[in-house]
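The values are calculated or read from the model by the stated rules, or taken from the named source; none is laboratory data. The structure displayed is predicted, hence computed values, not measured ones. Note: ideal-geometry Cβ built from the backbone for every residue, glycine included; neighbour counts use all protein chains shown. Note: accessible area is taken over every heavy atom of the protein model, side chains too, but ligands, DNA and RNA are not part of it. Shrake-Rupley method; radii C 1.70, N 1.55, O 1.52, S 1.80 Å.
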Amino acid sequence: MDTKRFYWPVQLLGWAAYCSLILLSVYNRDANQVNDVAIINAIIIFVSGILITHVQRIFYIRMGWLDMRLPRLLPRLIVASVISSTLIALIDVVSDYLTNAASLSEVFSISNILLQILAALLLMLFWNAIYFTFHFFQRSRQQEISNLELEASNRESELKNLRSQLNPHFLFNSLNSIKALVDIDPAKAKFSITTLSNLLRQSLVLGKENLVSLESEMGLAKNYLELEKIRFEERLQVEWKLTPGLERFEIPPFTLQMLVENAIKHGISNLKEGGIVEVAAYEDADGVIVKVTNSGSLDGVIDLGVGVQNIKQRLVLQYGGGAEFTLEENDGKVIAKMIFKK
C-alpha cells in the first residue's frame, strides 16, 4: 500500500467527518444556530486540524518516533497530544471571539479553555492512536515480508549449496581422486573420505541457521579446499588469516564457502600453473571484512554463477545497508570482499 497516497484522503475525510459531526450536533440542538458563523468556525477547525496534525506527523518522522517501542513512545505522544490540543483549542477560542460567536468573558474563561483543550486532547489521542496503529501494522507487515524473503533466500541458498556439493562433476572428481589414493596412500584416502563426509554433514547443519559463526563457516570452506587440493595437488596453495577474537562473529551461512568455490572455479582451475587462494577475516575502520583472494583475473569472465548474486541478495535482506559485497581485480589477483559495517 502506498502510505503517502493513503494518508491524505484519510486525513481530509477524517477532519471533514469530524467538522460535519460538530455542525450536526449544533443543528440537533438548535437548527437556527447553523449559520455562516458556525460554518466558518467548522472550516477553521478543519484547516487548523489538518495543518497541526500534519506538522505533528512530520515531527514524528524526523525525530524517529515511528521506530520507537511503545514504553518510550507513549509519554512522548501524550506530551505531543497535549501541545497539539492546546493549539487547536486556542485557535477555536480565538475564532469564536473573532466571529462574535460568544462574549469575551465566556470565550476566555478558564473553564471554557480547559473544556476546549480536553475535547481537543481526546481528539488528538484518537488521531495518534489511529496513525500509530496503522504505522505499526504496516511495519509489522513489512517485517513479516522481509522475514519470509530472508527465510526463502536461506532455503534457496541451502538448496543451491547442496546442489553444488552434490554436483556429479564435483563428486566424480573427488571420488576419483580418493580412488587413486586408496592404493598409493590409504591413510590419505581415509582422511579424504572423512573430509567429504564432514563437508556434506556441515552443509546440512549450517543450512538450517540464519547466521553462523565465522569459525564454522571457515571450517566448511577448509573441508572444501582440502578436497580440491587432492585434485589440484601442488597447483593449489591455500593461506588462512583470521584475526583472533573474530571466531564468534556471525555471517550468513555458505557465503564464504561460495566465494571459495568461485575462486577455484573461475580462478585456479583456469591457470595452468595454478595459484593461491587466500582467505582472510579482519576488522578495520569500515567494520569486519571477510575476504577471499585468488590468483587470476576477471577478463573474459562473463558469468560468476548464482553464488555472487545470492551473496549480494542475502546481504541486502539480512543487513539492509549495513553490509556490502565487492569484487575487483588488482595486480593479477581477484579480490572478493564482504564488508559488515559497524
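At-a-glance table
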quantity	calculated
Spherically averaged projected area of the chain from its Cα convex hull (nm²)	25.3
Highest-MSF residue in the chain out of PRO71, PRO252, PRO186 [GNM, Cα springs under 10 Å]	PRO71
Cβ charges +1 (Lys, Arg) and -1 (Asp, Glu), total dipole of the chain, debye	500
Relative contact order [Cα under 8 Å, 6+ residues apart], the chain, whole percent	10
Label-point separation in nm, SER197 to LEU298, each point 7 Å along Cα→Cβ	4.2
Relative contact order, percent, segment 232-286 [alpha-carbon distance under 8 Å, six or more residues apart]	63
Helix 3-29 axis, angle to the chain major axis (alpha carbon atoms, nearest 10°)	20
Area of TRP127 that stays accessible when all protein chains are in place (1.4 Å probe, Å², to 10)	40
Three-way shape label, segment 184-342, alpha-carbon gyration tensor, a/c 1.5	oblate
Two-site label geometry, GLU273 and ARG72: point separation in nm, points 7 Å out along Cα→Cβ	5.8
Accessible area in square angstrom per residue, the chain, 1.4 angstrom probe	57
Accessible-area composition of segment 242-342, carbon plus sulfur, in percent [1.4 Å probe]	48
Sites ASN147 and VAL47 - FRET efficiency at Förster radius 30 Å, r taken between beta-carbons, to 0.05	0.10
Degrees, to the nearest 10: 70-98 long Cα axis against longest axis of the chain	30
The chain: angle of helix 306-319 to the longest principal axis, Cα-based, in degrees nearest 10	40
Largest to smallest accessible area among TYR224, TYR282 [probe 1.4 Å]	TYR282, TYR224
The chain - mean residue ellipticity at 222 nm from DSSP helices (-39,500 (n - 2.57) per run, n ≥ 4, rounded to 500)	-23000 deg cm²/dmol
Solvent exposure, largest accessible area first (probe 1.4 Å, DNA, RNA and ligands not counted), of LYS272, LYS265	LYS272, LYS265
